[in-house]
Amino acid sequence: MNWRVYILAATTFAVGLVELIVGGILPKMAEDLNVSLATAGQLITIFALVYAISAPVLLSLTAKVERKRLYLISLLIFTIGNIMTFFSTTFLTVMVARIFTAMSTALVIVLSLTITTKIVEPRHRAKALGLVFVGVSSALVIGVPMGIFVTEAFGWRAVFLGIALLSMLSMILIALLLEKMPVVEVVPLKAQIKSLANLKIFSAQLTTLFMLAGHYMLYAYLTPFLVEAFHMNASWISICYLIFGIASVSGNALGGWLSDKIGTGKAIIMVVSAFAVVLFSIPYTIIALPLFLIVTVLWGALSWALTPPLQNYLIQIDPKTSDIQQSLNTAALQIGISIGSAVGGAMFAVTGSVMHLSSFGAILVLCALGCAIFSLKRAPISQEHELDLTSAQHHS
């Protein structure tokens, strides 16, 4: 396998930190920027929303730019965005910086995946892509606890300076060691949106959106939840995030195993149903910390367990548009995060408490379950095409 994949994986780790790390240090940022926790939570919302829009739009707009050059430009903008965050004195400046980092993060992660497929032999492709995804998931496991630790020691701004230094190191390595990449044909944005006209595909994408929206109702405000429920200090909060992160990464394996064992459709229904039950039960587990930690492991594992069976399902639905669907699924995921964190923030602002956010999140997950059942019960696309053709011939 091409050793340059390790550089790409390290880069995805560096850029992956910037989205997830804010949740762990939200109270410190809110206090320093003189805004409420609910307002500070919108830093997660805006990042996810901009990321979702940027991934397909920017790829289409930059279709003719040489890939290595585009990769370096994206990393430069990402670095500037983090340095801007470091020097920010107002919430508005931090928000603007988040927009820059979200746009560049979207491009860097998508380009990391596309470049990986070009520089490795086909027989090593799956392993190489898995390595790049490990970079992103490692940011979840290591990033948030590390961010809390750095914030306690040096302040929250040091976190973003550290991320900027990591991205600068990635830029140097890529500039020196990665060969130029020829421009490849990118599916037009219009064609990507058109593929959603099929209700079977659209409802499958909505499953991801509602699942992540329900998840982020509480996850975006997990730090204030832990403080309110258990009066935790920074060390214990770091441990909880670490437990959650490890469980989340293992959830990918759980989802893949379930899909192979009982079938893609049944795996999707089982994961989404179990996730709704776990989210609803969270407020009632704070009677004992060990019980809450057990449920946290289930919560973390199930939050990522949907990805393998659902992506496999999207490929099975229509292999011809599978690449488009993978891209759109990432957008659906980010839109779900933005909706969940926005709604959670609004409820937090109104009620002044985060204790029951997960119970309301469970309602959104039930919407995901409804979308999944709807999609699974619809006829396969090939049959729908045949029905349309028969209908057209009948009318003619």
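For the range 90-127: of the residues being over 16 Å from ILE46 (Cα atoms) and small (Gly, Ala, Ser), which is surrounded by the fewest Cβ atoms within 10 Å (Cβ to Cβ)?
Here the answer is ALA126.
Could you count how many residues in the range 329-352 are under 13 Å from the mean Cα position of the chain (by Cα) and under 16 Å from VAL50 (Cβ atoms)?
12
Mind checking whether some residue in the range 232-247 is in a helix (DSSP H, G or I), at pLDDT 95 or above and of a type in the set (Gly, Ala, Ser)?
Looking through the range 232-247, none of the residues is in a helix (DSSP H, G or I), at pLDDT 95 or above and of a type in the set (Gly, Ala, Ser).
Would you confirm whether any residue within the range 113-123 is assigned to a helix (DSSP H, G or I) and within 30 Å of VAL35 (Cα to Cα)?
No, the range 113-123 has no match at all.
Any residue in the range 70-89 that is buried (at least 17 other Cβ atoms within 10 Å of the Cβ) and within 17 Å of the chain's Cα centre (by Cα)?
For the range 70-89, residues buried (at least 17 other Cβ atoms within 10 Å of the Cβ) and within 17 Å of the chain's Cα centre (by Cα): absent.
How many residues does the range 247-291 contain that are more than 15 Å from LEU310 (Cα to Cα), under 20 Å from the mean Cα position of the chain (by Cα) and of a type in the set (Phe, Trp, Tyr)?
Matching residues across the range 247-291 total 0.
Go over the candidates ILE115, ILE172 one by one and state the one that is within 23 Å of the chain's Cα centre (by Cα) and either among the β-branched types (Val, Ile, Thr) or modelled with pLDDT of 90 or more (or both).
Every option except ILE115 fails the conditions.
Please go through the range 363-380 and give me each residue that is farther than 19 Å from LEU199 by Cα and surrounded by fewer than 20 Cβ atoms within 10 Å (Cβ to Cβ), ordered by number.
Of everything in the range 363-380, just one residue is farther than 19 Å from LEU199 by Cα and surrounded by fewer than 20 Cβ atoms within 10 Å (Cβ to Cβ), namely ILE363.
Looking at the range 329-362, which of the residues that are of a type in the set (Ser, Thr, Tyr) and farther than 18 Å from PHE280 by Cβ is surrounded by the most Cβ atoms within 10 Å (Cβ to Cβ)?
So the residue we want is SER341.
The values are calculated or read from the model by the stated rules, or taken from the named source; none is laboratory data. Not measured: the values here are computed from a predicted model. Cβ sites come from the backbone with ideal geometry, for glycine too, and all protein chains shown count toward neighbours.
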